[in-house]
Amino acid sequence: MPMTAEASVGAAVPVYNAERFLAAALRSVLAQSYPVGDVVVVDDGSDDASGALAAGFGPPVRVERQPHAGIGAARSHAVSLVQGEFIVLLDADDLLTPRSVEARMRVLNARPEVDIVYGQIRCFAEQVGGRPVPLDEPRPAHTAGAMLVRRSAFERVGPFTSGLRVAEGLDWLLRAHELGLGEATVDEQVQWRRVHGANNSLTERRSLQEFPRALKASLDRRRASRR
């Protein structure tokens, strides 16, 4: 049975040239057993019809367009616009499972000390009969694109760092850890991650050096805070 909504949830969806995947992602948000009252899609300067496709959904989906600035800036912009006490993040090529929000909101409603809730994810490359065909077994995913977060906690950490091509999520999560935000992970699949040739982690391989730099920056901040 769907749970009664006790707090408002909004979804932040950045998109860049993901027209062929975006409709499925938005449908997975709108089909949630726990209602998502506002869905903000930030079209990050797409060359395809991503923005027009999202606009065609109508309320509660809203579209904001911006010049291409990267995934960090697009995510931050979407979060700044979306309405809701809690925010679920989703990349435009991925899918939420039907009870993704419900499973995590149970934790957030019951445990005020928890700020961010993750869950299990599985990868897929194609759908058959409208259902993803899994490529692996469920596993915990502690990534920015797979979190449900309290708005107040997100605002404590601040926006994603602009200019990073692949490590914007890690950078944000490290800053959240430094502030001592409470985290939990539900033992339930909450997301399908789509694997395809245009995944950001594949197309931006030249930027993988951002990961050790983000880790070093976090270590430097921790050391400075102890002085």
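The single condition from (1) farther than 18 Å from Ser33 by Cβ; (2) buried (at least 17 other Cβ atoms within 10 Å of the Cβ) that Ala55 fails is (2). Evaluation of Val36 against the conditions (1) surrounded by 22 or more Cβ atoms within 10 Å (Cβ to Cβ); (2) without any contact (Cβ under 8 Å) to a residue 40 or more places away in the chain shows that the sole unmet condition is (2).
Of all residue pairs spaced 6 or more apart or on separate chains, those with beta-carbon atoms under 6 Å, a first member in the stretch 115-137 that is farther than 20 Å from Ala31 by Cβ and a second member that is assigned to a strand (DSSP E or B) and of a type in the set (Asp, Glu) are Ile116/Glu183.
With respect to the stated conditions, Val107 is among the aliphatic types (A, V, I, L, M), outside any strand (DSSP E or B) and surrounded by fewer than 22 Cβ atoms within 10 Å (Cβ to Cβ).
Checked against (1) in contact (Cβ under 8 Å) with a residue 40 or more places away in the chain; (2) of a type in the set (Gly, Ala, Ser); (3) not in a helix (DSSP H, G or I), Ser28 passes all but a single condition, namely (3).
As a summary of the residue check, Gly129 satisfies the conditions (1) surrounded by fewer than 17 Cβ atoms within 10 Å (Cβ to Cβ); (2) touching a Phe, Trp or Tyr at 6+ places or on another chain (Cβ under 9 Å) except for the one numbered (2).
With respect to the conditions (1) within 17 Å of Met147 (Cα to Cα); (2) in contact with a helix residue (DSSP H, G or I) (Cβ under 6 Å, 6 or more places away or on another chain), Val63 lacks only one, and its number is (1). Quick check: anything in the stretch 27-46 farther than 26 Å from Glu155 by Cα and in contact with a helix residue (DSSP H, G or I) (Cβ under 6 Å, 6 or more places away or on another chain)? Looking for residues that are farther than 26 Å from Glu155 by Cα and in contact with a helix residue (DSSP H, G or I) (Cβ under 6 Å, 6 or more places away or on another chain), one finds at least one in the stretch 27-46, hence yes. Of the residues Glu85, Glu113, Glu137, the single one that is within 27 Å of Arg222 (Cα to Cα), at pLDDT 95 or above and over 15 Å from the mean Cα position of the chain (by Cα) is Glu113. Candidates in the stretch 68-103 are the residues that are assigned to a helix (DSSP H, G or I) and polar (S, T, N, Q); of these, the one that is surrounded by the most Cβ atoms within 10 Å (Cβ to Cβ) is Ser100.
Selection of the stretch 167-188 for residues being more than 21 Å from Ser80 (Cα to Cα), touching a residue at least 40 places away in the same chain (Cβ under 8 Å) and outside any helix (DSSP H, G or I) yields Gly182, Glu183, Ala184, Thr185, Val186, Asp187, Glu188.
The values are calculated or read from the model by the stated rules, or taken from the named source; none is laboratory data. Predicted model only: the values in this text are computed from it and were never measured. Counting neighbours? That spans all protein chains shown, and the Cβs are built from the backbone with ideal geometry, glycine included.
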